[in-house]
Amino acid sequence: AACGSVVGGRVDSGEIVVPEMSSEDLLVSSLEFLLQEDGTEETSETDKAEEAKKDATSEEDDREKDTVEIQTEQERVPQEDEAVIYYGNAGSYDLKQEIVPAKEKTAEELLGALAKHNIVSLDTKLLSFEEEETNGSKVLYLDLSKAMDELKTMSREAECIILASVVNTFLENYDADSVYLVVNGKTLVTKNAEYAEAFVRCTPEELLRRLESSSLESEEE
(Lines give C-alpha, C1' and ligand atoms only; values in the text may rest on other atoms or scores of the structure.)
Protein backbone atom coordinates (compact mmCIF):
# COMPACT_ATOMS: atom_id res chain seq x y z
CA ALA A 1 0.00 0.00 0.00
CA ALA A 2 2.90 2.33 0.81
CA CYS A 3 4.34 1.88 -2.68
CA GLY A 4 0.97 2.37 -4.41
CA SER A 5 -0.79 0.07 -6.83
CA VAL A 6 -1.93 0.03 -10.44
CA VAL A 7 -5.75 0.18 -10.63
CA GLY A 8 -7.91 0.75 -13.69
CA GLY A 9 -5.06 2.03 -15.84
CA ARG A 10 -3.91 4.75 -13.47
CA VAL A 11 -1.12 5.25 -10.97
CA ASP A 12 -2.23 6.12 -7.45
CA SER A 13 0.52 7.86 -5.48
CA GLY A 14 -1.67 8.29 -2.48
CA GLU A 15 -2.30 12.01 -3.00
CA ILE A 16 -2.25 12.88 -6.70
CA VAL A 17 -3.88 10.83 -9.44
CA VAL A 18 -1.97 11.07 -12.75
CA PRO A 19 -3.58 9.49 -15.83
CA GLU A 20 -1.32 7.18 -17.74
CA MET A 21 -0.57 8.36 -21.30
CA SER A 22 1.03 6.45 -24.11
CA SER A 23 3.85 7.96 -26.12
CA GLU A 24 1.40 8.40 -29.00
CA ASP A 25 -0.98 10.40 -26.78
CA LEU A 26 1.90 12.59 -25.61
CA LEU A 27 2.93 13.26 -29.22
CA VAL A 28 -0.63 14.27 -30.20
CA SER A 29 -0.96 16.57 -27.20
CA SER A 30 2.39 18.20 -27.96
CA LEU A 31 1.40 18.78 -31.58
CA GLU A 32 -1.91 20.32 -30.53
CA PHE A 33 -0.08 22.64 -28.12
CA LEU A 34 2.38 23.74 -30.81
CA LEU A 35 -0.43 24.36 -33.28
CA GLN A 36 -2.20 26.53 -30.71
CA GLU A 37 1.00 28.51 -30.15
CA ASP A 38 1.53 29.04 -33.89
CA GLY A 39 -2.03 30.27 -34.28
CA THR A 40 -1.59 32.72 -31.42
CA GLU A 41 1.63 34.12 -32.85
CA GLU A 42 0.07 34.45 -36.30
CA THR A 43 -2.92 36.26 -34.86
CA SER A 44 -0.62 38.51 -32.87
CA GLU A 45 1.37 39.43 -35.98
CA THR A 46 -1.87 40.11 -37.88
CA ASP A 47 -3.11 42.37 -35.08
CA LYS A 48 0.17 44.28 -35.11
CA ALA A 49 -0.05 44.77 -38.86
CA GLU A 50 -3.64 46.00 -38.54
CA GLU A 51 -2.67 48.43 -35.76
CA ALA A 52 0.25 49.78 -37.79
CA LYS A 53 -2.06 50.25 -40.78
CA LYS A 54 -4.58 52.13 -38.62
CA ASP A 55 -1.81 54.35 -37.17
CA ALA A 56 -0.52 55.18 -40.66
CA THR A 57 -4.04 55.99 -41.85
CA SER A 58 -4.64 58.19 -38.81
CA GLU A 59 -1.39 60.11 -39.36
CA GLU A 60 -2.26 60.62 -43.03
CA ASP A 61 -5.72 61.90 -42.09
CA ASP A 62 -4.15 64.34 -39.61
CA ARG A 63 -1.76 65.65 -42.27
CA GLU A 64 -4.59 66.11 -44.74
CA LYS A 65 -6.62 67.94 -42.10
CA ASP A 66 -3.70 70.30 -41.32
CA THR A 67 -3.21 70.97 -45.05
CA VAL A 68 -6.89 71.80 -45.49
CA GLU A 69 -6.80 74.14 -42.50
CA ILE A 70 -3.74 75.97 -43.91
CA GLN A 71 -5.35 76.28 -47.33
CA THR A 72 -8.56 77.56 -45.73
CA GLU A 73 -6.60 80.19 -43.81
CA GLN A 74 -4.79 81.25 -46.98
CA GLU A 75 -8.04 81.56 -48.92
CA ARG A 76 -10.16 83.18 -46.20
CA VAL A 77 -11.06 86.81 -46.78
CA PRO A 78 -10.18 88.97 -43.74
CA GLN A 79 -12.95 90.88 -41.99
CA GLU A 80 -12.94 94.63 -41.32
CA ASP A 81 -11.36 94.11 -37.90
CA GLU A 82 -8.66 91.77 -39.21
CA ALA A 83 -5.36 92.24 -41.04
CA VAL A 84 -3.26 90.05 -43.31
CA ILE A 85 0.36 89.67 -42.25
CA TYR A 86 3.00 88.35 -44.65
CA TYR A 87 6.15 86.75 -43.28
CA GLY A 88 8.88 84.31 -44.24
CA ASN A 89 12.07 82.72 -43.00
CA ALA A 90 15.49 81.82 -44.31
CA GLY A 91 14.39 78.30 -45.22
CA SER A 92 12.12 79.34 -48.09
CA TYR A 93 11.39 82.19 -50.51
CA ASP A 94 7.65 81.53 -50.25
CA LEU A 95 5.90 84.05 -48.02
CA LYS A 96 3.28 82.75 -45.61
CA GLN A 97 0.30 84.76 -44.50
CA GLU A 98 -1.63 85.01 -41.27
CA ILE A 99 -4.91 86.73 -40.52
CA VAL A 100 -4.76 88.52 -37.18
CA PRO A 101 -7.16 90.71 -35.18
CA ALA A 102 -6.71 94.43 -35.88
CA LYS A 103 -9.26 96.81 -34.38
CA GLU A 104 -8.31 99.82 -36.48
CA LYS A 105 -5.78 98.25 -38.86
CA THR A 106 -3.26 101.01 -38.20
CA ALA A 107 0.37 101.08 -39.32
CA GLU A 108 1.41 100.54 -35.70
CA GLU A 109 -0.72 97.41 -35.45
CA LEU A 110 0.81 96.03 -38.65
CA LEU A 111 4.35 96.66 -37.39
CA GLY A 112 3.50 94.97 -34.09
CA ALA A 113 2.19 91.89 -35.92
CA LEU A 114 5.28 91.80 -38.14
CA ALA A 115 7.49 91.99 -35.06
CA LYS A 116 5.88 88.79 -33.71
CA HIS A 117 7.26 86.99 -36.77
CA ASN A 118 10.70 88.66 -36.41
CA ILE A 119 10.25 90.60 -39.66
CA VAL A 120 11.01 93.85 -37.84
CA SER A 121 12.60 94.22 -34.42
CA LEU A 122 10.46 95.02 -31.38
CA ASP A 123 12.10 98.45 -31.06
CA THR A 124 11.24 99.50 -34.63
CA LYS A 125 9.08 102.62 -34.34
CA LEU A 126 6.75 104.26 -36.83
CA LEU A 127 7.96 107.84 -37.34
CA SER A 128 5.37 108.80 -39.94
CA PHE A 129 2.86 107.27 -42.30
CA GLU A 130 1.01 108.90 -45.19
CA GLU A 131 -1.37 107.86 -47.96
CA GLU A 132 -1.58 109.70 -51.26
CA GLU A 133 -3.55 109.35 -54.49
CA THR A 134 -1.36 109.97 -57.55
CA ASN A 135 -2.66 109.54 -61.11
CA GLY A 136 -5.28 107.08 -59.97
CA SER A 137 -2.77 105.07 -57.90
CA LYS A 138 -2.61 104.86 -54.13
CA VAL A 139 0.90 105.42 -52.79
CA LEU A 140 2.07 104.90 -49.20
CA TYR A 141 4.96 106.67 -47.47
CA LEU A 142 6.37 104.69 -44.55
CA ASP A 143 9.10 106.20 -42.37
CA LEU A 144 10.60 103.84 -39.79
CA SER A 145 13.10 104.33 -36.98
CA LYS A 146 16.80 103.56 -37.27
CA ALA A 147 16.11 100.06 -35.94
CA MET A 148 15.60 99.14 -39.59
CA ASP A 149 19.33 99.81 -40.07
CA GLU A 150 19.84 96.21 -38.93
CA LEU A 151 19.18 95.29 -42.57
CA LYS A 152 22.74 96.44 -43.22
CA THR A 153 24.07 93.41 -41.36
CA MET A 154 21.95 90.80 -43.14
CA SER A 155 22.47 88.61 -46.17
CA ARG A 156 20.75 89.38 -49.46
CA GLU A 157 18.30 86.56 -48.94
CA ALA A 158 17.24 87.72 -45.46
CA GLU A 159 17.01 91.33 -46.66
CA CYS A 160 14.68 90.37 -49.52
CA ILE A 161 12.43 88.29 -47.25
CA ILE A 162 12.06 91.16 -44.75
CA LEU A 163 11.41 93.83 -47.36
CA ALA A 164 8.89 91.71 -49.29
CA SER A 165 7.06 90.91 -46.04
CA VAL A 166 6.78 94.57 -45.01
CA VAL A 167 5.84 95.77 -48.50
CA ASN A 168 3.17 93.14 -49.15
CA THR A 169 1.67 93.53 -45.67
CA PHE A 170 1.15 97.29 -46.05
CA LEU A 171 0.01 97.17 -49.67
CA GLU A 172 -2.50 94.39 -48.91
CA ASN A 173 -4.09 96.02 -45.87
CA TYR A 174 -4.26 99.53 -47.32
CA ASP A 175 -5.24 98.31 -50.79
CA ALA A 176 -2.39 100.40 -52.21
CA ASP A 177 -0.31 100.13 -55.38
CA SER A 178 3.13 101.09 -54.10
CA VAL A 179 5.01 102.13 -50.97
CA TYR A 180 8.13 104.18 -50.25
CA LEU A 181 10.25 102.87 -47.37
CA VAL A 182 12.54 105.36 -45.64
CA VAL A 183 14.53 105.29 -42.40
CA ASN A 184 14.66 108.43 -40.27
CA GLY A 185 13.40 110.43 -43.24
CA LYS A 186 16.23 109.22 -45.49
CA THR A 187 16.43 106.74 -48.36
CA LEU A 188 16.74 103.16 -47.21
CA VAL A 189 20.32 102.04 -47.88
CA THR A 190 21.79 98.63 -47.07
CA LYS A 191 25.11 96.98 -47.93
CA ASN A 192 23.38 95.42 -50.92
CA ALA A 193 21.37 98.24 -52.45
CA GLU A 194 19.88 101.72 -52.25
CA TYR A 195 16.08 101.69 -52.35
CA ALA A 196 15.12 105.14 -53.62
CA GLU A 197 12.16 104.02 -55.72
CA ALA A 198 8.77 102.86 -54.51
CA PHE A 199 8.16 99.18 -53.89
CA VAL A 200 5.31 97.30 -55.54
CA ARG A 201 3.96 93.85 -54.65
CA CYS A 202 6.78 91.36 -54.95
CA THR A 203 8.23 88.09 -53.75
CA PRO A 204 11.59 87.71 -52.00
CA GLU A 205 12.86 85.85 -55.06
CA GLU A 206 11.94 88.75 -57.37
CA LEU A 207 13.76 91.21 -55.13
CA LEU A 208 16.80 88.96 -55.03
CA ARG A 209 16.90 88.79 -58.84
CA ARG A 210 16.80 92.58 -59.00
CA LEU A 211 19.67 92.84 -56.55
CA GLU A 212 21.75 90.36 -58.51
CA SER A 213 20.96 92.15 -61.76
CA SER A 214 21.92 95.54 -60.30
CA SER A 215 25.12 94.06 -58.93
CA LEU A 216 26.11 92.72 -62.35
CA GLU A 217 25.39 96.07 -64.00
CA SER A 218 27.55 97.85 -61.43
CA GLU A 219 30.45 95.46 -62.04
CA GLU A 220 30.20 95.99 -65.81
CA GLU A 221 30.36 99.76 -65.39
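The residue of region 81-110 that is farthest from ALA147 (Cα to Cα), among those that are in contact with a Lys or Arg (Cβ under 8 Å, 6 or more places away or on another chain) and not in a strand (DSSP E or B), is ASP81.
Does region 209-221 include one or more residues that are out of contact with any Lys or Arg (no Cβ under 8 Å at 6 or more places or on another chain) and crowded, with 17+ Cβ neighbours inside 10 Å? Looking for residues that are out of contact with any Lys or Arg (no Cβ under 8 Å at 6 or more places or on another chain) and crowded, with 17+ Cβ neighbours inside 10 Å, one finds none in region 209-221, hence no. Please state which of the following conditions GLU217 fails to meet, knowing it meets all the rest: (1) under 18 Å from ASP94 (Cβ atoms); (2) at pLDDT below 95. Every listed condition holds for GLU217 apart from (1).
Note on region 78-115: among residues that are open to solvent by 50 Å² or more (accessible area, probe 1.4 Å) and over 16 Å from ASN168 (Cα atoms), the one that is nearest to the chain's Cα centre (by Cα) is GLY91. Of the residues making up region 158-182, those that are of a type in the set (Gly, Ala, Ser) and open to solvent by 10 Å² or more (accessible area, probe 1.4 Å) are ALA158, SER178.
Here is a list: VAL182, VAL166, VAL189, VAL139. Which entry is in contact with a helix residue (DSSP H, G or I) (Cβ under 7 Å, 6 or more places away or on another chain) and of a type in the set (Val, Ile, Thr)? Steps first, answer last, please.
Numbers: VAL182 fails: in contact with a helix residue (DSSP H, G or I) (Cβ under 7 Å, 6 or more places away or on another chain); VAL189 fails: in contact with a helix residue (DSSP H, G or I) (Cβ under 7 Å, 6 or more places away or on another chain); VAL139 fails: in contact with a helix residue (DSSP H, G or I) (Cβ under 7 Å, 6 or more places away or on another chain).
When all the criteria are applied, what remains is VAL166.
Out of the residues in region 156-205 that are in a helix (DSSP H, G or I) and polar (S, T, N, Q), state the one that is nearest to SER92 (Cα to Cα). Give the derivation first.
To start, the set of residues in region 156-205 that are in a helix (DSSP H, G or I) comprises 156-173, 204-205.
Now narrow it down to the ones that are polar (S, T, N, Q): 165, 168-169, 173.
Values: SER165: 13, ASN168: 16, THR169: 18, ASN173: 23 Å.
Filtering region 156-205 for residues that are in a helix (DSSP H, G or I) and polar (S, T, N, Q), the one nearest to SER92 (Cα to Cα) comes out as SER165.
Residues considered: THR187, THR169. Of these, the only one that is among the β-branched types (Val, Ile, Thr) and free of Cβ contacts under 8 Å to residues at least 12 places away in the same chain is THR187. Within region 119-157, the set of residues being surrounded by 15 or more Cβ atoms within 10 Å (Cβ to Cβ) and at positive phi is empty.
The values are calculated or read from the model by the stated rules, or taken from the named source; none is laboratory data. Here the structure is a predicted model, which is why all the values come from computation and not from measurement. All Cβ positions, glycine included, derive from the backbone under ideal geometry; neighbour counts span all protein chains shown. SASA here: full protein model, heavy atoms, side chains in, ligands and nucleic acids out. Shrake-Rupley method; radii C 1.70, N 1.55, O 1.52, S 1.80 Å.
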